[in-house]
2 protein chains.
Amino acid sequence: MKKKIVIIGGVAAGPKTACRVKRLLPAAEVTIIDQDSLISYGGCGIPYYVSGDVSDEEELRSTSFHLTRDENFFLRAKGVTVRTRTRALAIKRREKVVEVERLDDGSREELSYDQLVIATGSKPNLLPIPGADLEGVFTISDLHQAIKIKERIAKGQVSRAVIIGGGAIGIEMAEAFVDLWGLEADILEFMPQLLPRLVDWEFSRMLENHLRAKGVKIYTGEAATAIEGEEGKVKRVVTPQRVLEADLVVMAVGVRARSELAVAAGLAVSPQGNIVVNQRLQTSDPDIYAAGDCIAVTHRLTGKSGIAPMGSLANKEGRIVANNLAGIPTCYKGWVGSFTLKAFERCIGATGLSLEAAKAEGFDAAAVTTAQYDRAHFFPGRAVIPLRLVFDRPSRRLLGVQGFGPMGDAVLARIDAAAALLLQGATIDDVSQVELAYAPPFSTALDALNAAGNVADNLAAGRLRCVEIRDFLNWMNDFATQPQWVALDIRHPNEASPMAEKFGHDRWLTIPYIEIRERYRELPADRTLLIICDAGTRSSDIQIFLESVGLPNTLVLGGGINVIRRIGVDWL
Amino acid sequence: MKKKIVIIGGVAAGPKTACRVKRLLPAAEVTIIDQDSLISYGGCGIPYYVSGDVSDEEELRSTSFHLTRDENFFLRAKGVTVRTRTRALAIKRREKVVEVERLDDGSREELSYDQLVIATGSKPNLLPIPGADLEGVFTISDLHQAIKIKERIAKGQVSRAVIIGGGAIGIEMAEAFVDLWGLEADILEFMPQLLPRLVDWEFSRMLENHLRAKGVKIYTGEAATAIEGEEGKVKRVVTPQRVLEADLVVMAVGVRARSELAVAAGLAVSPQGNIVVNQRLQTSDPDIYAAGDCIAVTHRLTGKSGIAPMGSLANKEGRIVANNLAGIPTCYKGWVGSFTLKAFERCIGATGLSLEAAKAEGFDAAAVTTAQYDRAHFFPGRAVIPLRLVFDRPSRRLLGVQGFGPMGDAVLARIDAAAALLLQGATIDDVSQVELAYAPPFSTALDALNAAGNVADNLAAGRLRCVEIRDFLNWMNDFATQPQWVALDIRHPNEASPMAEKFGHDRWLTIPYIEIRERYRELPADRTLLIICDAGTRSSDIQIFLESVGLPNTLVLGGGINVIRRIGVDWL
């Protein structure tokens, strides 16, 4: 008798499981059910569909060889039966059947299974505020919503959009609205920064500065308390600080697992609502597996379990479930949280933990910020790519890397290499030594990632002492916060002197890098010197020298003015 | 008493060691000696200086903050004494002195050391053929040679260049001559392919095809037997097959260690002439360290020791030597052979071993070739990036990855991630699972590298059987080589039908991918079916299906027509 495999959910993990299991067990009878009419689409492409980069929603549902991944495709090409507009009502584990309802005629039926896969994904969080149900308030939950948003814009019904949520989707949507449709777009983020928890403050600020320069208005640390409308249509978003006019609102405040079916079936579900699975992605019922946004995934660095709603993980998990269904024992060892994001002409990416996240998880963590070139400094088109490396002090273990740079794959290359290092518990010494490919058009002899490893090594060994960029900026705003501090600007006089003119020669000392060894006696021994250069590299050189001549009281501005400038602070 | 550290060699590993050791031991007296007047330059930038991308040689010797790295810079900024045009004549180990000669006046002197570092680099190989000493025959050995080449071109003295050697430097020089100066350039390579040993045949052929399209003439498997001149000036290069006119010849046929000093001092040197060091980069004399092109480096995958002449390694090694000099025990665990190369509008890169190299090293190795998109197939500007993954069958250990694609950092990102995986002995399962950063503008939900890991897994498990591209092309040239083979082209009829028209419906069967499950009974059971699609993905799907219906005799063309087309083969 043919093995019957039923898969609930047809977007990412479900179809991946189905196709793979059909390859491993060609004789199996594989059925996907989904309540939607549209399946197997690239949900991560929605912002690019809305922007117009992707002209037709069908492109999000097509293969790379231009076939639409619909019921017909799955049946004919893959031998997989897909039943769309078919809702799973209940899993009857004892009978091993799924009770389903056909949405078109309301008829019900029981589908028997030998093994079941739950790939029900996630649903967007909705803020419990008045007006969330007004016409014109959208979530980015599925292709239908995206089609409606685009239609509305194309019909000229939108001129001002407010996006609630400054995560990746919110930022991508802001770009879509502004860059290609010329709309006004505001982002409201409840937390004090964009991409909260994903990157540290400096990196979110570099991103924020670029978004502002592109015309996106950003309000961080500010909550939407109400959405107001007229005649049922959205008109404005209200916060404690202001009222934002809006004829379209996107609510992008995270997602939560769709696990009602699993709960009702008595499967183990975490307090947060994610389906509990073992490393083989098997639920508490040995005949039921689960994959994708709906499961609780272990974070490799923290050991904690939680939702990991990424299309890239759903695909990996789907393959693992298929292997296990086919009797090829395969384990998923967990995720690390790699991401990348295009924002107009910049990109930002990270893997692992930010310093803030690492500390919140109880690590004795430290971080360094660098600002090296992506390719040889003499090669045309080079750019500075600030990186931030987070590590665990006691074990020297790498915990995460963040990067920011011009749009392109330079930051991706470093993030991906770091992600590969994280996979196997690399230390900062491994980061120093990893042999990245080098040629002047692509990288520097000592790659920016290797350099970040070296700087981390220096910090860990106590050979480098830094001032946090945030503390430095606070001091620049109000010197009284740290009266004993004084800047030592070692850049070229063209850059350093105007700062001294502006802030006073008692606050802003200027000695060019190359003259320090000759002139260090001019420096005050009773002050804390904040050594400032473009990238932090020369400053760290000078810090060591000054210590050797009896001036140990110094701090380096890691990442230097390169980072400050990208944050958007310019005093001149 | 101050510790005296003398470093012989001032290009890459030497200056890196000097600066780092001075930071670790600020009180040490650090001296670099070099016979050249120009030091601390980016030798890898020479092709870009010749091309004009880098306008002035001084840019190759300057810091990223625009200071020239000359004697004055090292002394004032770093506290390091540099003695240029000073040749080390002998190392007297018992007395712990280096005997040196000042080239400007011939005077001699002895420099005492507590610890010595040999960073004498490499020198270019010279072919022992007549005419190698003619005026106009150059090696890319130092900045002086590069300056002379550029002067000669700028003066209009060159219209046809012949490059002997199809390695990275030869290819970069060809681009410099053709792209920016409009010269004619021929590459002669003794081995049967460009980048021999570094990449497998398919990948060198994709590169070769692009170079040819850009006007570079390439002769592989062809040796220069003589260089001929008139009045002492080069005029032509002679091979057994032809005579190539040339008014400039570049000999780029590899390098060998400069280890004469070490040999004369009785230090252990390998049969190939590389200075033997332990993992701390200490020579057979505990007070003498060595780094850079002159040492024997262990290959992490093969365990073999040999020259590893890369600027990126020299920098890493210099840092390690400095650590050890300063009493911070640090080990260099060896190299894996990562590289990347720009060639006009394409790039090629690799890390680890090619299949050919792996087999030559005795591995029971296998390889898969893929041709996936670098970013979401619906995202504008996406491109196919063929990858090749080499692995060890018994252990499933990753041995290497090769990549080819449009100029940019997309290939670099995959190579760098693979290099990081190699660092820690990853398996193909790790390649499948590594969590690369995903967003549609940067990658695909299942990244091309993850996909290569999956394909390798299928091959390893016997779920995929491939035909080598080379064997396929041989068969296309002469069907008699494999009379039992027949192509099964599953692409769209627009692509497949013209092939059937051309080669005959008995040699070239066409059934679209989506129709195979309905029409497989049309297929001959007594023939070997070569399943052909664009990337190999659909073919492997079909291979499994056909086996399940009693047609096990099939082979997949890995990488598909995407790779064939890039190789430059087009039958229509």
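The values are calculated or read from the model by the stated rules, or taken from the named source; none is laboratory data. Fair warning: this is a prediction, and the values are worked out from it, not measured in the lab. Because the Cβ atoms are built from the backbone with ideal geometry, glycine has one as well, and the counts that use them run over all protein chains shown.
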From the list B:328, B:320, pick out the single residue that is within 9 Å of chain A (Cβ to nearest Cβ) and touching a Ser or Thr at 6+ places or on another chain (Cβ under 7 Å). B:320
If I ask for residues that are farther than 15 Å from residue A:133 by Cβ and outside any strand (DSSP E or B), which ones from region A:232-245 would you list? A:239, A:240, A:241, A:242
For residues that are within 10 Å of the chain's Cα centre (by Cα) and at the interface with another protein chain (Cβ under 7 Å from one of its Cβ atoms), scanning just region B:336-347, find the one that is farthest from residue B:405 (Cα to Cα). B:338
Count, please, the residues in region A:165-197 that happen to be among the polar types (S, T, N, Q) and buried (at least 24 other Cβ atoms within 10 Å of the Cβ). 0
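Return the only residue of B:88, B:77 being over 24 Å from residue A:512 (Cα atoms) and either crowded, with 20+ Cβ neighbours inside 10 Å or not assigned by TED's automatic domain parsing to the domain that holds residue B:10 (or both).
Working: B:77 fails: over 24 Å from residue A:512 (Cα atoms).
Going through B:88, B:77 in turn, the sole match is B:88.
Return yes or no: is residue B:40 out of contact with any Ser or Thr (no Cβ under 7 Å at 6 or more places or on another chain) and under 30 Å from residue B:152 (Cα atoms)?
For residue B:40, the condition - out of contact with any Ser or Thr (no Cβ under 7 Å at 6 or more places or on another chain) and under 30 Å from residue B:152 (Cα atoms) - is met.
Out of all the residues in region A:23-37, is one or more under 24 Å from residue B:372 (Cα atoms) and in a loop (DSSP other than H, G, I, E, B)?
Looking only at region A:23-37, we keep the residues that are under 24 Å from residue B:372 (Cα atoms), and these are A:23-24.
Those still in the list that are in a loop (DSSP other than H, G, I, E, B) too: none.
Within region A:23-37, not a single residue is under 24 Å from residue B:372 (Cα atoms) and in a loop (DSSP other than H, G, I, E, B).
Residues that are of a type outside the set (A, V, I, L, M, F, W, C): find the strands (runs of 3 or more DSSP E) completely inside region A:39-139 holding 3 or more of those.
It comes to A:86-92, A:97-102, A:108-112, A:122-124.
In region B:54-71, what count of residues is obtained for those that are at the interface with another protein chain (Cβ under 7 Å from one of its Cβ atoms) and surrounded by fewer than 21 Cβ atoms within 10 Å (Cβ to Cβ)?
Initially, region B:54-71 is screened for residues at the interface with another protein chain (Cβ under 7 Å from one of its Cβ atoms), giving B:54, B:59-60, B:64-65, B:67.
Okay, now just the ones that are also surrounded by fewer than 21 Cβ atoms within 10 Å (Cβ to Cβ), so B:59, B:64-65, B:67.
Looking only at that region, the number is 4.
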Of all residues in region B:271-284 being surrounded by 18 or more Cβ atoms within 10 Å (Cβ to Cβ) and in a loop (DSSP other than H, G, I, E, B), the one that is nearest to the chain's Cα centre (by Cα): B:274
Filter result (surrounded by 23 or more Cβ atoms within 10 Å (Cβ to Cβ), small (Gly, Ala, Ser) and either on the phi > 0 side of the Ramachandran plot or within 11 Å of chain B (Cβ to nearest Cβ) (or both)) within region A:526-572: A:535, A:536, A:540, A:559, A:560
Right, residue B:456: surrounded by fewer than 19 Cβ atoms within 10 Å (Cβ to Cβ), within 30 Å of residue B:427 (Cα to Cα) and among the aliphatic types (A, V, I, L, M) or not? no
Count - residues of region A:151-181 that are more than 24 Å from the chain's Cα centre (by Cα) and under 15 Å from residue A:47 (Cα atoms): 5
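Would you pick out the residues in region B:391-420 that are at the interface with another protein chain (Cβ under 8 Å from one of its Cβ atoms), hydrophobic (A, V, I, L, M, F, W, C) and part of a helix (DSSP H, G or I)? Please lay out each step first, then the result.
If we filter region B:391-420 for residues that are at the interface with another protein chain (Cβ under 8 Å from one of its Cβ atoms), which is where we start, we get B:407-410, B:412-420.
Pick out the ones that are also hydrophobic (A, V, I, L, M, F, W, C) and you get B:407, B:410, B:412-413, B:415, B:417-420.
Hits for region B:391-420 are B:410, B:412, B:413, B:415, B:417, B:418, B:419, B:420.
For region B:101-122, what are the residues that are farther than 18 Å from residue B:290 by Cα and touching a residue at least 24 places away in the same chain (Cβ under 8 Å)? Lay out the reasoning, then the answer.
Filtering region B:101-122 down to residues farther than 18 Å from residue B:290 by Cα leaves B:101-110.
Scanning region B:101-122 gives a single hit, B:103.
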Can you tell me which residue is surrounded by the fewest Cβ atoms within 10 Å (Cβ to Cβ) among those in region A:32-47 that are of a type in the set (A, V, I, L, M, F, W, C) and more than 10 Å from chain B (Cβ to nearest Cβ)? A:38
Go through B:97, B:50 for me and flag whichever is within 14 Å of another protein chain (Cβ to nearest Cβ), farther than 23 Å from residue B:19 by Cβ and β-branched (Val, Ile, Thr). B:50
I'd like to verify a number: residues in region A:459-479 that are surrounded by fewer than 19 Cβ atoms within 10 Å (Cβ to Cβ), within 13 Å of chain B (Cβ to nearest Cβ) and in contact with a helix residue (DSSP H, G or I) (Cβ under 7 Å, 6 or more places away or on another chain), how many? 1
In this structure, is residue A:249 part of a strand (DSSP E or B), in contact with a strand residue (DSSP E or B) (Cβ under 9 Å, 6 or more places away or on another chain) and surrounded by 22 or more Cβ atoms within 10 Å (Cβ to Cβ)? yes
Within the bounds of region B:522-536, is there any residue that is modelled with pLDDT of 95 or more, of a type in the set (Lys, Arg) and under 12 Å from residue B:489 (Cα atoms)? no
Report whether or not residue A:10 is of a type in the set (Gly, Ala, Ser), away from chain B (no Cβ under 14 Å) and buried (at least 23 other Cβ atoms within 10 Å of the Cβ). yes
Touching a strand residue (DSSP E or B) at 6+ places or on another chain (Cβ under 8 Å), in contact (Cβ under 8 Å) with a residue 60 or more places away in the chain and on the phi < 0 side of the Ramachandran plot: which single residue out of B:209, B:125 fits that description? B:125
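Would you confirm, using the coordinates I've provided, whether residue A:357 is within 13 Å of chain B (Cβ to nearest Cβ), at pLDDT 95 or above and outside any loop (DSSP other than H, G, I, E, B)?
On the way: within 13 Å of chain B (Cβ to nearest Cβ): no; at pLDDT 95 or above: yes; outside any loop (DSSP other than H, G, I, E, B): yes.
No: the conditions fail for residue A:357.
Look at residue A:52 and say whether it is out of contact with any strand residue (DSSP E or B) (no Cβ under 6 Å at 6 or more places or on another chain) and either in the same structural domain as residue A:293 (by TED's automatic domain parsing) or at pLDDT 95 or above (or both).
Working: out of contact with any strand residue (DSSP E or B) (no Cβ under 6 Å at 6 or more places or on another chain): yes; either in the same structural domain as residue A:293 (by TED's automatic domain parsing) or at pLDDT 95 or above (or both): yes.
Judged against the criteria, residue A:52 is a match.
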Looking across region A:299-334 at residues that are closer than 21 Å to residue A:15 by Cα and either assigned to a strand (DSSP E or B) or hydroxyl-bearing (Ser, Thr, Tyr) (or both), the single one that is farthest from the chain's Cα centre (by Cα) is A:330
Does residue A:368 satisfy the condition of being assigned to a helix (DSSP H, G or I), modelled with pLDDT of 95 or more and buried (at least 24 other Cβ atoms within 10 Å of the Cβ)? no
From the list A:514, A:490, which one is surrounded by 17 or more Cβ atoms within 10 Å (Cβ to Cβ), within 14 Å of another protein chain (Cβ to nearest Cβ), free of Cβ contacts under 8 Å to residues at least 12 places away in the same chain and among the hydrophobic types (A, V, I, L, M, F, W, C)? A:514
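Residue by residue, here is whether (1) within 9 Å of chain A (Cβ to nearest Cβ); (2) assigned to a helix (DSSP H, G or I); (3) buried (at least 22 other Cβ atoms within 10 Å of the Cβ) holds:
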site: B:349; (1), (2), (3): yes, no, yes
site: B:362; (1), (2), (3): no, no, no
site: B:376; (1), (2), (3): yes, no, yes
site: B:380; (1), (2), (3): yes, no, no
site: B:385; (1), (2), (3): no, no, yes
site: B:389; (1), (2), (3): no, no, yes
